[in-house]
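Notes follow once the structure below has been shown.
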Amino acid sequence: MLNPEEYSDLRERMQSLDDGGLMRVVLLFQDEYKPEAISIAKEELRRRGLEGVTLEQLIEQTPEEYYNFVPDFCPGCIAETTDKSVGKLFHFYNIGFYLIGDGSECDICGSIIQRIWFLIFIPIYPGSKYRVKYLEPGFFHGKFVSRRLK
Ligand SMILES: [Zn+2]
């Protein structure tokens, strides 16, 4: 149980979130918040007339807010790629396989286009191109998801 002071701190913190932030708390990160935080967030959404908001609505209203926080690609990026991911990149001190490049950043899901290269200190051999999405530091530090371009 929270004491009254903790509760009012929590309440203030939740109320200071924008709509997208509140929706994220309620829809995406339920497990990471205390039950009190979830009910305050729900109450605040109700107050703002956003009661019963669904994940689909969150994605539709603020796609960046959604895609910034999940390891998903947007439908546009999925359409131009295949399910094939880069997999594990074996490398050591600039020898091995690396993803290089930062082309065509997607406005919606934030993925970029990179090519896989075999390096021996400098790029030697080019491989396929991928859409790569680097995941929010803190949540999944240093990790990425990828899909090969068609
Ligand atoms: Zn995208």
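Quick note: the coordinates plus some simple rules give every number you see, no bench work behind them. Quick caveat, the model's predicted, so the values are computed rather than measured. Heads up, the Cβs are rebuilt from the backbone with ideal geometry, glycines too, and the neighbour counts pull from every protein chain shown.
Each label point was placed 7 Å from the Cα along the Cα-to-Cβ direction; for residue 28 and residue 102 their separation is 2.2 nm.
Size check on the stretch 4-67: the Cα extents along the three principal axes, sorted descending, read 37, 23, 17 Å.
With respect to the chain, whose longest principal axis is taken over its alpha-carbon atoms, helix 35-47 is tilted by about 80°. Axis angle, to the nearest 10 degrees, between helix 4-15 and the longest C-alpha principal axis of the chain: 60 degrees. Take the Cα of residue 6, go 7 Å toward its beta carbon, and the backbone nitrogen atoms of the stretch 24-39 under 17 Å from that spot belong to 32-39. Looking at the calculated P(r) for the stretch 75-148, what percent of the C-alpha pair distances fall above 16 Å? That fraction is 51 percent. With 0.36 nm allotted per residue and the present C-alpha distance subtracted, the residue 128-residue 16 stretch has 35.9 nm of extension available. Per residue, the convex hull around the alpha carbon atoms of the chain comes to 138 Å³. Peptides 120-133, 17-30, ordered by how many other C-beta atoms sit within 10 Å of their residues on average, highest first, read 17-30, 120-133. Ordering 107-116, 45-54, 61-70 by mean Cβ neighbour count within 10 Å, with the highest value first, yields 107-116, 61-70, 45-54. Within a straight-line Cα-Cα reach of under 19 Å, residue 34 can be paired with the following lysines, leaving aside sequence neighbours fewer than 8 residues apart in one chain: 42. Listed by chain and number, the lysines whose alpha-carbon sits under 24 Å from that of residue 143, ignoring those within fewer than 8 places in the same chain, are 84, 88, 129, 133.
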